[in-house]
1. On C-alpha positions alone, give me the angle between the axis of helix A:48-72 and the longest principal axis of chain A, in degrees, nearest 10.
2. Is it possible to state the helix-based mean residue ellipticity at 222 nm for chain B, with each DSSP H run of 4+ residues giving -39500 (n - 2.57), the sum divided by total residues, to the nearest 500 deg cm²/dmol? What is it?
3. Cross-link list B:Lys33/B:Lys75; A:Lys59/B:Lys107; B:Lys35/B:Lys55; B:Lys75/B:Lys107; B:Lys48/B:Lys151: which exceed 20 angstrom alpha carbon to alpha carbon?
4. Compute the distance in nm between two label points, each set 7 Å from the Cα along the Cα-to-Cβ direction, one at A:Lys48 and one at B:Lys154.
5. Sticking with the crude label model, points 7 Å out along Cα→Cβ, report the distance from B:Thr93 to B:Leu7 in nm, one decimal please.
6. Just B:Glu101, B:Glu25, B:Glu124 to compare: in a GNM of chain B, with alpha carbon springs under 10 Å, which one fluctuates most?
7. Counting only protein heavy atoms and rolling a 1.4 Å probe, how much accessible area do B and A lose on contact, total for both sides, in Å² to 100?
8. Mind listing the phi-derived Karplus ³J(HN,Hα) values for the range A:80-88, rounded to whole Hz, using 6.51, -1.76 and 1.60 with θ = phi - 60°, and x for any glycine or proline?
Amino acid sequence: MIYSNLDCIPGKETVEHYGIVQGSTVRARNIGVDCLAGCKNTIGGEIKGYSKLLEDSRKEALERMGQQAMQLGADAVINVRFSTAAITAGAAEILAYGTAVKTR
Amino acid sequence: MGSFMQLIFTAVLLVVAFFVGTTIEKKHYKAVKEKEEEFADLPAISSKKVVDLNKIVNTKLVSGCIVISNDAFKKLVAQVYNIFGGRISVYETLLDRARREAIIRMKQQARTFGADVVANTRFETSRLGATNNRGKGMGVFEILAYGTAIKLSK
């Protein structure tokens with residue numbers, strides 16, 4: 001499965017479109033990280049725990065999107081976009097979406 | 001007496017936050033500038049059409065993200081600014097360095113992949129939390145940079 005946020009997979013020809021596929025994951029922060037983040041919030045700077053968490057969630061969202069694309073018979077996803085939304089105070093939704101295509 | 005102690009405690013916390021926060025910001029800017037020089041030969045561009053398609057060997061989606069927040073003192077400054085309006089420079093620098101760091105992290109992924117250029121670079125900014133319990137004010141930000149790493153034939 002190839003992902004790209006370009007209009008096409010460079011060097012390959014798009015043969016067929018399967019429409020939009022998406023993968024999302026909703027993650028809550030764990031208490032340990034939350035406490036640390038609270039301290040970090042006072043002095044400022046990067047909150048590494050959250051960076052790591054969101055990176056992992058984004059990978060999972062991509063994977064889920066890939067699975068959906070695979071079920072449709074696609075072998076690549078083009079025009080991939082990411083979007084993050086804070087749902088409640090403690091949880092964030094990570095969404096990845098794109099167009100599933102078959103390439104040659 | 002109790003409220004007086006609380007006031008002192010808050011003041012001390014703000015002073016500590018100011019010094020530590022400023023040090024962190026300076027250090028971060030220094031690190032960002034160093035790494036930007038290191039990755040100067042790997043351009044990240046925002047256009048979709050890069051090079052001629054025949055030279056492309058391989059592509060991969062790369063991303064870099066950072067979650068960042070300001071210190072308590074700068075947040076207070078921002079809230080004061082918020083009343084009068086105008087530029088909130090304390091947040092401008094925060095978002096600036098976060099965005100540059102995100103680009104650097106994206107480029108690190110691209111470098112591991114062996115890319116020559118990152119095309120169609122996009123930014124995504126989202127607010128994860130708020131400074132106070134009522135859900136207002138400025139809080140923790142997440143900056144994401146993503147693009148397509150392209151490897152070219154030599």
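The values are calculated or read from the model by the stated rules, or taken from the named source; none is laboratory data. Since this is a predicted model, take the numbers as computed values, not measurements. All Cβ positions, even for glycine, are placed from backbone atoms using ideal geometry, and neighbour counts span all protein chains on display. Only protein heavy atoms, including side chains, enter the accessible area calculation; ligands, DNA and RNA are left aside. Shrake-Rupley method; radii C 1.70, N 1.55, O 1.52, S 1.80 Å.
1. 20
2. Values: 3 runs with 75 residues, N = 154.
Rounded to the nearest 500, it is -17500 deg cm²/dmol.
3. Details: B:Lys33/B:Lys75 25 Å; A:Lys59/B:Lys107 17 Å; B:Lys35/B:Lys55 28 Å; B:Lys75/B:Lys107 30 Å; B:Lys48/B:Lys151 15 Å.
Pairs exceeding the cut-off: B:Lys33/B:Lys75; B:Lys35/B:Lys55; B:Lys75/B:Lys107.
4. Calculated label separation equals 3.5 nm.
5. Placing both labels 7 Å beyond Cα along the Cβ direction yields 2.9 nm.
6. Most flexible of the set in this elastic network: B:Glu124.
7. Numbers: alone 9900 and 6570 Å², together 13670 Å².
Looking at B and A, the buried total is near 2800 Å².
8. Each residue's phi maps through the Karplus curve to give 5, 10, 10, 8, 10, 9, 7, 7, 10 Hz.
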